[in-house]
1. Just to verify a result, which residue in the stretch A:1-15, among those that are in contact with a Leu (Cβ under 9 Å, 6 or more places away or on another chain) and either within 14 Å of chain B (Cβ to nearest Cβ) or not β-branched (V, I, T) (or both), is farthest from A:V234 (Cα to Cα)?
2. For the stretch A:63-81: of the residues being small (G, A, S) and at the interface with chain B (Cβ under 9 Å from one of its Cβ atoms), which is surrounded by the fewest Cβ atoms within 10 Å (Cβ to Cβ)?
3. On the given criteria, is B:D219 in contact with a strand residue (DSSP E or B) (Cβ under 8 Å, 6 or more places away or on another chain) and either modelled with pLDDT of 95 or more or of a type outside the set (S, T, N, Q) (or both)?
4. Name the one entry in B:S93, B:S104, B:S100 that is of a type in the set (S, T, Y), modelled with pLDDT under 90, crowded, with 17+ Cβ neighbours inside 10 Å and under 17 Å from B:N193 (Cβ atoms).
5. Which of the residues belonging to the stretch B:239-248 are of a type outside the set (A, V, I, L, M) and either within 19 Å of B:G75 (Cβ to Cβ) or more than 10 Å from every other protein chain (Cβ to nearest Cβ) (or both)?
6. Would you mind telling me which numbered condition in (1) over 27 Å from B:S143 (Cβ atoms); (2) open to solvent by 10 Å² or more (accessible area, probe 1.4 Å); (3) more than 17 Å from the chain's Cα centre (by Cα) B:A110 fails?
7. If I ask for residues that are away from chain A (no Cβ under 14 Å) and open to solvent by less than 60 Å² (accessible area, probe 1.4 Å), which ones from the stretch B:1-15 would you list?
8. Within the group B:L20, B:L30, which residue is free of Cβ contacts under 8 Å to residues at least 60 places away in the same chain and buried (at least 18 other Cβ atoms within 10 Å of the Cβ)?
Amino acid sequence: MLTVEGISFSYREKPVLKDVNIEVRKGEIIGILGPNGCGKTTLLKLLNRNLKPQKGRVLMEGADLEGMSKRSIARQIAVVPQSNEIRFAFTVRDIVSMGRMPFLDRFQGESGDDTRIVEEAMEKTNIKEFADRLINNMSGGERQRVIIARALAQRPEVILLDEPTLHLDINHQFEVLDLVKRLSKEEGLTVVIVSHDLPMVVKYCDRMVLIHDHKVHALGTPHDVLTPESMRTVFNINAVLEYDGALKALAVKIIGSCSNGH
Amino acid sequence: MDSVAKRKRRTTAVLAGLFLILFVFMVLDLAQAFIPLTFEEAFWALLGMGTETDQIIIWRMNMPRVIMAILVGAGLGIAGAVMQALFRNPMASPYILGLSSGASLGAAVALTFAVTWIPQMLFVPLLAFASCMATLFLVYNISSVGGRVPTETLLLAGIAVGAMLSALVSLLTYIAGDQMAGIVYWTMGNLTNAKWENIMIVAPLIFAGGLIMVSSSRDLNAMMLGDAHALDLGVEVRKVRLQLLVASALVTAAAVAFVGVIGFVGLVVPHILRILMGPDNRVLLPASIVGGAAFLMMCDYISRTIAPSIGILPIGIITALIGAPYFIYLLRRRRSEVGWD
């Protein structure tokens, strides 16, 4: 679906990513995980050409993003950015309607189809009841759902989420990721989540990528990727990993930081 | 809290009100003469049914000034609305970014050092536009950090460059000697000398700039959420921003060139309208055109009638004296909606 081919990127002289290769499969939820400042967000920005790599390329179903307009990229790839602080008093419906922008010409009004898609997106994310509320008066969790609805209104193939749980209370973290998981299954959406939140990624992602030292350290199912060795190398922690039969999921037990002799 | 239905109703009411203000003060302003016409006389003469003297007063004496007021007010109104959206800052305006000072330096130079090879009527707007664009690129480049232009540095650079250019205009005024009175009068804003020839130059520039702005209103909405949001929604942010900055320079230069510096229109009008109608630029930009025109029309009428013993006051004084207190009142009353909380 989305192919990252030998990408290298540096800000000025400082290398951020070196020769990164990732194949994102159709319909999967894939988590990109690594410590803060490892270049995860940069990688996400490269995935919809908000940044251009110095080396390598990104392909969307075989087509190089370099040759596509921002508009046509936005018709296939939607983003839920990390910061969703909005100061201006747009209504929720205004914001979700912006998802239709990539499909409309300068003077073209929204058609009945566009309106229907916007309403649908609000229904799926359970925000229809506050469609007329002002975005600048809402909580972080509510805003997150509004931005996810906007992403759905783009009718994309791929949704990129940047640290979706960063500013949320723990119950809202689960709420948002449950929503993403449900949408991914119902709509066949491909989802890329960038996060430093290990338990969340383990719980929700089909596959994951560990980024370490500007490179892909490991790629695969949480089961394959998460080992005591990789935990030590990437996060500098000692951890025990075991399959929890009751939860039907991999459980990560963190013992402590390597540097403190745990 | 503001409900959508209420906001829609208010938008319609405000627009209707603005058109009414514009029309009433236009007729009142057209009626101005040594012995002013009554409202009815002016109204009928406007429709081509008055006496010959009335027609001359309306069409020959006053119409150029009225049309210039509408054009300049509309231009400053929409340019202010666009800049506030572009920089996500309610304090942005052609004046804050130094554009007005840039344009006025160009115009002041043209007024002081008349040249023979080009008529002054063209020389003034030409130099105003050149100087306005130069200011824009100077400010833009000073504030650009590694390919990005953060709002904070842009505003600070605009204020610093604007202060320097204003000082240069003052210096010119000081050394200008003979032309000094003219420049002083002009720096206070003045519609009295508006001529049809000037309008022929100003109108196309403001129309062109306004068209670019209105056609970008949807992109501008997305950019108000932040550059990253706009990029994610497929907006070519750098291109659109550059287009809008050039259009703003064009409109500001055209507005400043013949009537001088008229402050507060570009800051206050869009701001008030955003509080009343919401931030959607598809509504706000057209409304700022009407609002700017109505506000300046009203101020021109007041500048002509408020102090008959002194004569006509410079319009820039009136716009600031009316605009600033109302602006402060709104800021105190509705802090949260203007982003002051």
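The values are calculated or read from the model by the stated rules, or taken from the named source; none is laboratory data. Being a predicted model, the structure only gives us computed values, none of them experimental. Counting neighbours? That spans all protein chains shown, and the Cβs are built from the backbone with ideal geometry, glycine included. Heavy atoms of the whole protein, side chains included, go into the accessibility calculation; ligands, DNA and RNA do not. Shrake-Rupley method; radii C 1.70, N 1.55, O 1.52, S 1.80 Å.
1. In this case the residue turns out to be A:L2.
2. Keep residues of the stretch A:63-81 that are small (G, A, S), which gives A:63, A:67, A:69, A:72, A:74, A:78.
Of the ones still in play, those that are also at the interface with chain B (Cβ under 9 Å from one of its Cβ atoms) are A:69, A:72, A:74, A:78.
Values: A:S69: 12, A:S72: 15, A:A74: 25, A:A78: 28.
Filtering the stretch A:63-81 for residues that are small (G, A, S) and at the interface with chain B (Cβ under 9 Å from one of its Cβ atoms), the one surrounded by the fewest Cβ atoms within 10 Å (Cβ to Cβ) comes out as A:S69.
3. So B:D219 does not fit the description; no.
4. Details: B:S93 fails: under 17 Å from B:N193 (Cβ atoms); B:S100 fails: under 17 Å from B:N193 (Cβ atoms).
Just one listed residue meets the conditions, B:S104.
5. B:R241, B:Q243, B:S248 - these are the residues of the stretch B:239-248 that are of a type outside the set (A, V, I, L, M) and either within 19 Å of B:G75 (Cβ to Cβ) or more than 10 Å from every other protein chain (Cβ to nearest Cβ) (or both).
6. (2)
7. Hits for the stretch B:1-15 are B:V14, B:L15.
8. B:L30
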